[in-house]
Amino acid sequence: MQKIPMTAEGYAALDAELRRLKSIERPSVIQAISEARAHGDLSENAEYHAAKERQSFIEGRVAELEDKIARAQVIDSSRLSGTNVKFGATITMIDEDTEEEHIYKIVGEDEADVKARRLSIASPLARALIGKKAGDVAEVAAPGGLKSYEITRVEWI
């Protein structure tokens, strides 16, 4: 069973979603199915089919979340240190083409949000950064061609 790395915040978010699905969404959809059944003929009952489809989605997501939580490897990045880029590091880098500065934290796949400057460990950019240190250049194959980033700082925030 392969472990899934994630931060404590990412684990808490998955756990909160799982609790919400089990305690709010599941009972709600069961009620909707019950009400739709009361309307009679199920073969042409759009409400019933929509509720069953929603139930299927919820049950699939619950199973997915339970699996991820069971395989979670929670990593506390505040306890990590070092000069090399690895999971949990906050990296400051400069795009060598545009001279723009970018700051990203490497997090688990489910926590990734580029707008919030959280980069998935599985992304091509994060994979190119792993193992590098300040002063190194990471090259990434992008749709527009090869991109180069100079790492200026590695922090553990």
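The values are calculated or read from the model by the stated rules, or taken from the named source; none is laboratory data. As the structure is a prediction and not an experimental result, all values here were calculated from the model. FYI the Cβ positions are ideal-geometry reconstructions off the backbone, even for glycines, and counts take in every protein chain you see.
The condition of being within 30 Å of K68 (Cα to Cα), of a type in the set (D, E) and surrounded by 13 or more Cβ atoms within 10 Å (Cβ to Cβ) holds for E111. Within the range 140-157, track down each residue that is assigned to a strand (DSSP E or B), without any contact (Cβ under 8 Å) to a residue 24 or more places away in the chain and at negative phi. Result: V140, A141, A142, L146. From the list I106, I151, the lone residue that is over 30 Å from D15 (Cβ atoms) and either surrounded by 15 or more Cβ atoms within 10 Å (Cβ to Cβ) or among the basic types (K, R) (or both) is I151. The strands (runs of 3 or more DSSP E) found entirely in the range 2-108 that carry 1 or more residues being at pLDDT 95 or above and touching a Ser or Thr at 6+ places or on another chain (Cβ under 7 Å) are 90-95, 101-107.
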